[in-house]
Ligand SMILES: Nc1ncnc2c1ncn2[C@@H]1O[C@H](COP(=O)(O)OP(=O)(O)OP(=O)(O)O)[C@@H](O)[C@H]1O
Ligand SMILES: Nc1ncnc2c1ncn2[C@@H]1O[C@H](COP(=O)(O)OP(=O)(O)OP(=O)(O)O)[C@@H](O)[C@H]1O
Ligand SMILES: [Mg+2]
Ligand SMILES: [Mg+2]
């Protein structure tokens, strides 16, 4: 018998029902790794953005960092960090993968924040300084809160990208959605159907996240002045 | 001897020199698969963009296509298409992978073209129609040539993304840069150094492509009126 | 010895692993020559974590309920039992499996790893726990009858980083690599590639289980000794594992596991 | 030549043209004036089917034109249109702009299209700009290219929608001059304009629109000298 | 109170302030007038160290201020600044805008800052807007908040850079009124303005700048009645 790779709707639905406990668990892992990557990535990203806006030497360092990260594939970064980090610090697979994803996202997030900060009217800094506030205080109290709001839409978009990118954590052994579907595909030989099921889960997660991002944006614009 | 995962500059350079014939060959594969994906993806993308700008039914179809592609990870798409296509048509691994990458890019390229077409002043279509040209002729002769120019910068950016994404073709057996580095890392146990070498090659390719894109943009803006 | 025993008990008690481990320890202290607390030699308290690719059916794979199962898994669990530890399989891509071991991500590799000289530089091998060999597989309509028919233009698919991958490089220049032998077999059956080199048993079982349209061709290419890999200088653990292997062979457990998966006896080399 | 009867046009709830009746005879020049939003552009665009009327008739050479029964592209070839913002094709040279429609629509041989195009450009005074791109031209030059481009299809009637209002004041003259020349050659023209001088001097008739209706039509000299309607008087008193 | 001596400032090749000497005494109101680009804003910003002078001295209460030896943030607390475009903090309510600097810089207890903030807002006539966000205010209200915000630091001198030129004409009055009140209370003020009426009426002295130099300084009534310099006369003839 030849492995028929023509899609079977019957198999798709029966597998969808049979596998949902595993997929739910894996989806939870996908969510966790995405959240970890996004939070860590935002922290690093803000830091890199501030470097970019500070003195010329640090700016060059930040530029090199961003160029390297944006100039190499995520999967290579994951492997470099996953195996490279180990020589320095012992991380669990989850944290190693999250950290790799975070580093990747940080370069993009840094550019988002830099853009948002630079989009704030120069008059805001001048107003702060003219009141006797230091550069740091003005940054923290006046510029950043406004920049943050402005960064929400592109950040939301980046988070959606991060969610999809978390699928590559499969290759360093994280049991997230894609990893699970690989296993189930191999076990049941329902290759096509299983990967389509994985796609459905991703699509659902992306849509939920999109919805959340839109809601946050709307909230901000309502409470906005 | 224990595999030490702390980066060794010595190893890095000796491996860089030793492995360059393999990496050059793999880089050539990366380039080929990127070019194939980009050309195919542009063709599909233009087609989808035109669907989006045509009647409401086709528009909904195009929207669904774009939503699905943008809502699922590339690696899942590659696996679905790699295993799904086989049931329908027999493609070599190279073409199967290229096609999967092309489909992925097509959704993004479609949005680029749609944006570019819609950015062309409505007066252009009216001028064409008022001269007795059909909608199709005006599209082909007047709107598209202008839209194409406008699409060049975002398209260039998308091509750079496609180049990096081609690394995922490794997982369906294409011997491109990342696959090669995996093999060398496993064989020599110089994991970190090997993946860093791969990153260097990718960075070089991305920079060359960036340079080409910038040059094309400049050319266009010079010949532009 | 008594003092050690006491320590053991308090140790495991503190682990919160429960009485089972304590009981096991108790049993083992009964068995002759086994007074070592292997917990000291593993990374995680009370656990023996062993790595496999999970993509090497029937030796190790994920079943449809998302559990890691297979011959290697059963062997690994049996050995863990003998060591008085809780066995836990760990899935990782094959071509990263040795790195992961040396990165201290797990205690051992029990994943059908054949003993080779290159690998011995990076890991230490136990006594072999089964014997097998490589074989050529092709679609039933293929002209390739044996390894001799493979030339530089034959497209051969293998799993990345396997001994088959290394070996076939002397024959063909058109090598396609996957993360998994099983995927290589599947894609061969789908009409991609001209041949696959993989383990004879892996090929045969998958042809049968999946109804793949492919056949075994020619003779066994070589014979491989499959062994458990540890980091170098883990002599105590190595000793324990070899002892455990011997124990399960003697107790008949090995044979029982063998029969769960194979009709033939894979435990003895020729 | 061209006639509209009881023409009505709405955009959604907005009733823009209300029972408009207008007839333009061969060789006649008619100017359409009126406040912003009164529907002048819309009327012009309906004549060219760039807007689709809701109701009423558009009669061209005695033929009632309907989207269903007529090939609109053929009608449009006989109706030249000149836009306020020129709408030149920026990726084509001046000559290519003029040749485009004859080549693509009339399928005229390239040689002939090129010769005719050059003649037209010479006529509008741009004989030295054949191979220049539109971005290099002044507004007045652009509009003259647009006129040449429309003429290249040998239309029976030319529609102008505020052809000079996007121009710097010093450039208005050259475009009006080109239009006067056209009028002298006997071209049938409908011109929406705010240039009252041009209307008075060149137009045979002037039509005043207000709020989607034609309020007053008259022989131009008479129209400006003695507007009959109160609203026309008010409008003229503001703009003159 | 504040004095500048031989102040020079360039942006790259552009020499914007040329040997400017100016002294402003306690309780004095000085208006700075002059054409666009004459350097009025730059002079004001140098007084507040928002621009760093190239050369010359800024003397504050007898103290020559240098970036190296003085804490600029402390100086700035004594110099209030009101900008043309208000520069309110859009993410903070009106009251929060006013409280921000006292809380963050002077570390005043929140209760006290709030009370003082409310008093200041009452004073500029915005007692009913404490918890409103700036985007909900008119331009005049915004500028009065900006004045209250600057006053909250209890500055010794207030600098105004065209405080009314971004306002709709009907809103100018309320801001000028607030400023007049400040002047009456004895606040030392330097005001860049195009409101000649305000200068004549409220300012003790008026200073005319042209091309980076102070051309004429005089007691305001006298200055407007009998400008001495030719360039001042020309300027005044244009703007009055
Ligand atoms: N495509 C459209 N969709 C909706 N409303 C439109 C459209 N085109 C025009 N209108 C409206 O129709 C009315 C008449 O517009 P039209 O452009 O015909 O006026 P006009 O007399 O040409 O004015 P102007 O002198 O400003 O060009 C206006 O209220 C306008 O807003
Ligand atoms: N940051 C800057 N960089 C470069 N040039 C500047 C800068 N700020 C001001 N200038 C230039 O300095 C000159 C004086 O500017 P300034 O703003 O002081 O004039 P002004 O008298 O306030 O004019 P206005 O009435 O238009 O506000 C102008 O030519 C201006 O272009
Ligand atoms: Mg109009
Ligand atoms: Mg100024």
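Coordinate-derived values only; no laboratory data. What you see is a predicted model; the values in this text were computed from it and never measured. As a convention, Cβ positions derive from the backbone with ideal geometry for all residues, glycine included, and neighbour counts pool all protein chains shown.
Among E:41, E:165, E:220, which one shows the highest mean-square fluctuation when chain E is modelled as a Gaussian network with alpha-carbon springs under 10 Å?
Residue with maximal mean-square fluctuation among E:41, E:165, E:220: E:165.
As I understand it, the value is the acute angle between the Cα axis of helix A:74-85 and the longest principal axis of the Cα atoms of chain A; what does it come to in degrees, rounded to 10?
80
In peptide C:176-183, what is the residue-averaged number of other protein chain Cβ atoms found within 10 Å of each Cβ?
Per residue, the number of nearby Cβ atoms from other chains is 6 on average.
From the label point of residue B:218, set 7 Å along Cα to the beta carbon, how far off in nm is each other copy's matching point, shortest first?
4.7
Give me the one-decimal nm value for the distance between modelled label points at residue B:63 and residue E:119, 7 Å along each residue's Cα-to-Cβ direction.
About 6.0 nm, to one decimal.
Just round it to a whole percent: the fraction of Cα-Cα distances in segment B:32-126 exceeding 20 Å.
Here the tail beyond 20 Å accounts for 41 percent of pairs.
Restricting to chain D, compute how many DSSP beta bridges are antiparallel as a %, nearest 5.
About 55 percent, rounded to the nearest 5.
Which of D:36, C:142 has the fewest other C-beta atoms within 10 Å, and how do the rest follow up to the most?
Lowest count first: D:36, C:142.
In peptide D:83-96, what is the residue-averaged number of other protein chain Cβ atoms found within 10 Å of each Cβ?
Taking the mean over all residues of the peptide, I get 4.
Note the angle between two axes, namely the Cα long axis of helix A:177-188 and the longest principal axis of the Cα atoms of chain A, as a number of degrees from 0 to 90, rounded to the nearest 10.
The helix A:177-188 is inclined about 10 degrees to chain A.
Is there a simple number for the mean count of other chain Cβ atoms within 10 Å of the Cβ of residues in E:99-111, and what is it?
For peptide E:99-111, the averaged partner shielding equals 3.
Under Stokes-Einstein, with the Kirkwood radius over Cα pairs standing in for Rh, what whole-number D in µm²/s applies to segment B:9-223 at 25 °C and 0.890 mPa s?
128
Going by average Cβ neighbours within 10 Å, how do the peptides B:115-121, C:106-112 rank, with the highest at the top?
C:106-112, B:115-121
Can you give me the distance in nm between label points at residue A:148 and residue D:180, each placed 7 Å from the Cα along the Cα-to-Cβ direction?
Output for this residue pair reads 6.8 nm.
Return the FRET efficiency for the residue pair residue B:20, residue C:104: r is the Cβ-Cβ distance, R0 is 30 Å, and the value is rounded to the nearest 0.05.
0.40
By count of other Cβ within 10 Å, fewest leading, how are C:196, E:30 ordered?
The fewest-first ordering by Cβ neighbours comes to E:30, C:196.
Let me have the 222 nm mean residue ellipticity of the protein assembly as shown computed from DSSP H runs of 4+ only, each contributing -39500 (n - 2.57), with the sum over all residues rounded to the nearest 500.
Counting only the DSSP helices, I get -17000 deg cm²/dmol.
Counting only C-alpha contacts under 8 Å and six or more residues apart, can you give the relative contact order of segment B:95-208 as a whole percent?
It comes to 23 percent, rounded to a whole number.
GNM on chain D, C-alpha springs below 10 Å: top fluctuator among D:50, D:159, D:182?
Its mean-square fluctuation being the largest, the pick is D:50.
Could you please rank E:157, B:88, placing first whichever residue has the fewest other Cβ atoms within 10 Å of its Cβ?
Taking fewest neighbouring Cβ atoms as first place, the list is B:88, E:157.
Cα convex hull of chain D: mean projected area in nm², to one decimal?
The orientation-averaged projected area of the Cα hull of chain D comes to 13.2 nm².
With a bin width of 10 angstrom, please list the P(r) values of the protein assembly as shown as percents of all Cα-Cα pairs, from the 0 bin to the one holding the largest distance.
2, 8, 12, 13, 13, 14, 14, 10, 7, 4, 2, 1, 0
Given a Förster distance of 30 angstrom, what is the FRET efficiency for residue C:263 paired with residue C:167, based on the Cβ-Cβ distance and rounded to 0.05?
0.65
Using only the Cα atoms, work out Rg/Rh for chain C, with Rh taken as the Kirkwood radius, to two decimals.
Rg divided by Rh gives 1.02.
Could you state the angle between the C-alpha long axis of helix D:230-239 and the longest principal axis of the C-alpha atoms of chain D, as a value from 0 to 90 degrees rounded to the nearest 10?
40
Give me the extension gain from residue D:132 to residue D:166: residue separation times 0.36 nm, minus the current Cα-Cα distance, reported in nm with one decimal.
10.1 nm
Looking only at C:39, C:233, C:219, which one moves most when chain C is put into a Gaussian network model with springs between Cα atoms under 10 Å?
Maximum among the listed residues: C:233.
Where both residues lie in the protein assembly as shown, what percent of DSSP beta bridges are antiparallel, nearest 5?
So the antiparallel bridges in the protein assembly as shown amount to around 55 percent.
Given labels modelled 7 Å from the Cα in the Cβ direction, how far is it in nm from residue B:121 to residue C:121?
According to this spin-label approximation, the distance is 6.9 nm.
Sort shortest first the distances from residue D:85 to its counterpart in every other copy, using label points 7 Å along the Cα-to-beta-carbon line, and give them in nm.
2.6
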